[in-house]
Amino acid sequence: MSKLPSRTRALGDLGERLACDALAKRGYILVERNWRCAEGEVDIIARDGAVWVFAEIKTRRGCNAGLPEDGLTPHKAERLVRLAQAYLAAHDLYEVDWRIDFVGIELDGLGAVKRMNIVPGAVVG
């Protein structure tokens with residue numbers, strides 16, 4: 001069960017849906033959302049051709065919370081690498097190409113997308 005407040009969780013869910021749609025338009029094939037293990041959670045797991053993609057989604061509404069990209073800290077990046085490795089091991093995917101993408105989404109005060117930044121290979125594993 002999520003420990004986030006319902007407004008925060010709802011914003012995250014909206015961002016993940018928007019990211020899924022944008023990634024699908026780019027040709028990614030969605031494999032799984034919100035995969036969890038003891039280490040944490042991966043927002044989106046997809047395939048971009050033969051490459052496995054682990055996508056971190058950060059959504060912000062308004063200016064007060066800073067840029068979505070600010071949420072991709074070095075600590076978070078390290079954790080994403082461990083999560084990707086855990087997923088690959090759990091699914092016996094030892095000899096596959098993979099990367100970690102980042103999707104930063106800014107919404108305006110009415111909830112419309114103001115900016116979406118998709119960064120393939122944002123984190124080097």
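The values are calculated or read from the model by the stated rules, or taken from the named source; none is laboratory data. Just so we're clear, the structure is a prediction, and the values are computed from it rather than from any experiment. In this analysis, Cβ positions are derived from the backbone assuming ideal geometry, glycine residues included, and neighbour counts consider all displayed protein chains.
Tabulated data
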quantity	calculated
Flag for Thr8 being surrounded by fewer than 16 Cβ atoms within 10 Å (Cβ to Cβ), of a type in the set (Val, Ile, Thr) and within 14 Å of the chain's Cα centre (by Cα)	no
Residue list for the range 11-38, restricted to those being in contact with a helix residue (DSSP H, G or I) (Cβ under 7 Å, 6 or more places away or on another chain) and surrounded by 14 or more Cβ atoms within 10 Å (Cβ to Cβ)	Leu30, Arg33, Trp35
Ala122 vs. criteria touching a residue at least 24 places away in the same chain (Cβ under 8 Å), part of a helix (DSSP H, G or I) and not aromatic (Phe, Trp, Tyr)	no
Residue list for the range 17-37, restricted to those being aliphatic (A, V, I, L, M), more than 17 Å from Arg115 (Cβ to Cβ) and in contact (Cβ under 8 Å) with a residue 12 or more places away in the chain	Ile29, Leu30, Val31
Selection count where residues are over 12 Å from the mean Cα position of the chain (by Cα), in contact (Cβ under 8 Å) with a residue 24 or more places away in the chain and surrounded by fewer than 21 Cβ atoms within 10 Å (Cβ to Cβ), scope the range 54-78	3
Meets criteria (in contact with a helix residue (DSSP H, G or I) (Cβ under 9 Å, 6 or more places away or on another chain), more than 22 Å from Ala22 (Cβ to Cβ), part of a loop (DSSP other than H, G, I, E, B) and not hydrophobic (A, V, I, L, M, F, W, C)) for Gly111	no
All positions within the range 79-99 that are exposed (fewer than 15 other Cβ atoms within 10 Å of the Cβ) and touching a Leu at 6+ places or on another chain (Cβ under 9 Å)	Tyr94, Val96
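Every residue, every condition in (1) assigned to a strand (DSSP E or B); (2) at pLDDT below 95; (3) touching a Pro at 6+ places or on another chain (Cβ under 8 Å), yes or no:
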residue	(1), (2), (3)
Val31	yes, no, no
Asp43	yes, no, no
Arg47	yes, no, no
Glu78	no, no, no
Leu83	no, no, no
Ala89	no, no, no
Asp101	yes, no, yes
Ile105	yes, no, yes
